[in-house]
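Derivation of every value follows stated rules applied to the coordinates shown; laboratory data play no part. The shown structure was predicted, so the numbers you read here are calculated from the model rather than taken from an experiment. Quick reminder, even Gly has a Cβ in these numbers, built from the backbone with ideal geometry, and neighbours come from all protein chains shown.
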Amino acid sequence: MLKAKGRAVQKDAIALLKEDHVKVRGLLDELEKTTEKAKSRREELLEEIERELKIHTTIEEEIFYPAFREAAVKKDDRKLYYEAIEEHHVVDTVLPELKGTDVGTEVFGAKAKVLKDLVEHHAEEEETEMFPRARKLLDREKLLQLGDEMAQAKASLTESVLSKLVEMVRT
Ligand SMILES: [Fe+2]
Ligand SMILES: [Fe+2]
C-alpha cells in the first residue's frame, strides 16, 4: 500500500513509526475532548484507536524491537527494549477496560485520559530515547529495510484486524 513498485516512496523505520504516533496522539486528543453525550463519536474513536494501537504495537514488537534488541550492546539499550515491551503490556490491559466501560459515563472519560497519558509517555520515550539510539545502532540501509518490512506488515495487518473487528461486531 505504502510501497509502490520500486523504492520511490520508501520510508525509514523511524519515520514510519513517528507517523503512527502522530496519528494515535491526534485520535487520543480527540477522544479526551469528547463528553458523555458524544457516544457514537466515542465509539468510533475508540475503535480506530484500538486498531491503530494494535497494528502499531504489533509491527514494533515483531519487527522493530527485535532488530533494536539484536543491535543493542549496552545495558541501557536493553533496558529501553524491556521497558517498551512492558509499556505495551500495560496498554494491552487498559484498552480492554476502556472497551468494557459505558461510553456515556464520566468513568469512560477518566479511563480514556489514563490511556492517553500512558500512550503519550511511551511514544515520547521511544522518540527521545529508543529511536535516537536506534539511529546510532542501525545503519541507514537497515532502517530503510525495516521501514519496508513494517509498511508491508501494516498493510496485511490492517486487513486482518479489520476483518476480526467485523467478526466481533457480528457476534
Ligand atoms: Fe511502542
Ligand atoms: Fe511506538
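Of note:
- In degrees, nearest ten, helix 13-33 long axis to first principal axis of the chain (Cα): 20
- Degrees, to the nearest 10: 140-170 long Cα axis against longest axis of the chain: 20
- Convex hull projection area averaged over all views, region 12-158, Cα basis, nm²: 8.1
- Exceeding the 29 Å Cα-Cα cut-off - candidates LYS11/LYS136; LYS11/LYS74; LYS11/LYS116; LYS33/LYS79; LYS99/LYS142; LYS39/LYS164: LYS33/LYS79; LYS99/LYS142
- Under the simplified labelling scheme, the THR128-ARG41 pair shows an inter-label distance of 3.1 nm, with each label point 7 Å from Cα along Cα→Cβ.
- C-alpha long axis of helix 39-59 to longest principal axis of the chain, angle in °: 20
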